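Novice: The structure follows.
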Amino acid sequence: MEIERKFLVTHLPQDLSAYPFHQIEQGYLCTKPVVRVRRQDDEYYLTYKGGGKMVREEYNLPLNQDAYTHLLKKTDGYRIRKTRYRIALSGPGRTVEEDTPLVAELDIFSEPGELIMVEVEFPSEAAAQAFAAPDWFGEEVTFSKEYHNSYMSRFGIRPHAQP
């Protein structure tokens, strides 16, 4: 089960280069339901996501590079390319279970257009509802279909989607 909230970004955190990051490329075989293939650095996955906005089923299956390359050729629409920074959050409303920090995944998209967005995954709906966003988080877009990667793979990044 995936429980996440998404936000636009008002400004980037300081010292962004100090945080760990991944290079991600993904394409979509289907968008209803969502079936995607993803390369994250040197790892490859096939992912199924059920319907929903904040809460939905998600299953990841490992692929090898050959299977990924083969399936990527069968994807429709735009490829999504982004750099994902992983930023541990701290403070009230930003930790779970014994002060374990939540992690913000800051995505800087380069394709199919420019966009900066951040998402946070939660262990429960209660934790998602109690979340206190840092000041660098902007408008919440969890429930806006235009900010789902599967939507952007079909229609691109809409002009109104720019931060």
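The values are calculated or read from the model by the stated rules, or taken from the named source; none is laboratory data. Keep in mind it's a predicted model, so treat the numbers as computed, not measured. We place every Cβ from the backbone using ideal geometry, glycine too, and count neighbours over all the protein chains shown. Only protein heavy atoms, including side chains, enter the accessible area calculation; ligands, DNA and RNA are left aside. Shrake-Rupley method; radii C 1.70, N 1.55, O 1.52, S 1.80 Å.
Novice: Take residue 139 and tell me if it is surrounded by fewer than 19 Cβ atoms within 10 Å (Cβ to Cβ) and closer than 25 Å to residue 47 by Cα.
Specialist: No.
Novice: Restricting to the range 1-53, and then to whatever is small (Gly, Ala, Ser) and closer than 20 Å to residue 87 by Cα, can you tell me which residue is surrounded by the most Cβ atoms within 10 Å (Cβ to Cβ)?
Specialist: Out of the qualifying residues, it is 18.
Novice: While we're on this one: Which of the residues that make up the range 144-163 are open to solvent by 10 Å² or more (accessible area, probe 1.4 Å), over 15 Å from the mean Cα position of the chain (by Cα) and at pLDDT 90 or above?
Specialist: Listed by number, the residues that qualify are 154, 155.
Novice: Please find, among 112, 123, 101, 62, the residue that is in contact (Cβ under 8 Å) with a residue 24 or more places away in the chain, in contact with a strand residue (DSSP E or B) (Cβ under 8 Å, 6 or more places away or on another chain) and loosely packed, with under 14 Cβ neighbours inside 10 Å.
Specialist: None of the others qualify; the one that does is 123.
Novice: Looking at 79, 56, which one is open to solvent by less than 40 Å² (accessible area, probe 1.4 Å), under 17 Å from residue 151 (Cβ atoms) and under 15 Å from the mean Cα position of the chain (by Cα)?
Specialist: 56
Novice: Let me ask you something else. Looking at the structure I just gave you, is residue 88 modelled with pLDDT of 95 or more and surrounded by 13 or more Cβ atoms within 10 Å (Cβ to Cβ)?
Specialist: Spelling it out, it is not the case that residue 88 is modelled with pLDDT of 95 or more and surrounded by 13 or more Cβ atoms within 10 Å (Cβ to Cβ).
Novice: Across the range 10-26, which residue is nearest to residue 116 (Cα to Cα) among those that are hydrophobic (A, V, I, L, M, F, W, C) and out of contact with any Phe, Trp or Tyr (no Cβ under 8 Å at 6 or more places or on another chain)?
Specialist: The extreme case among them is 24.
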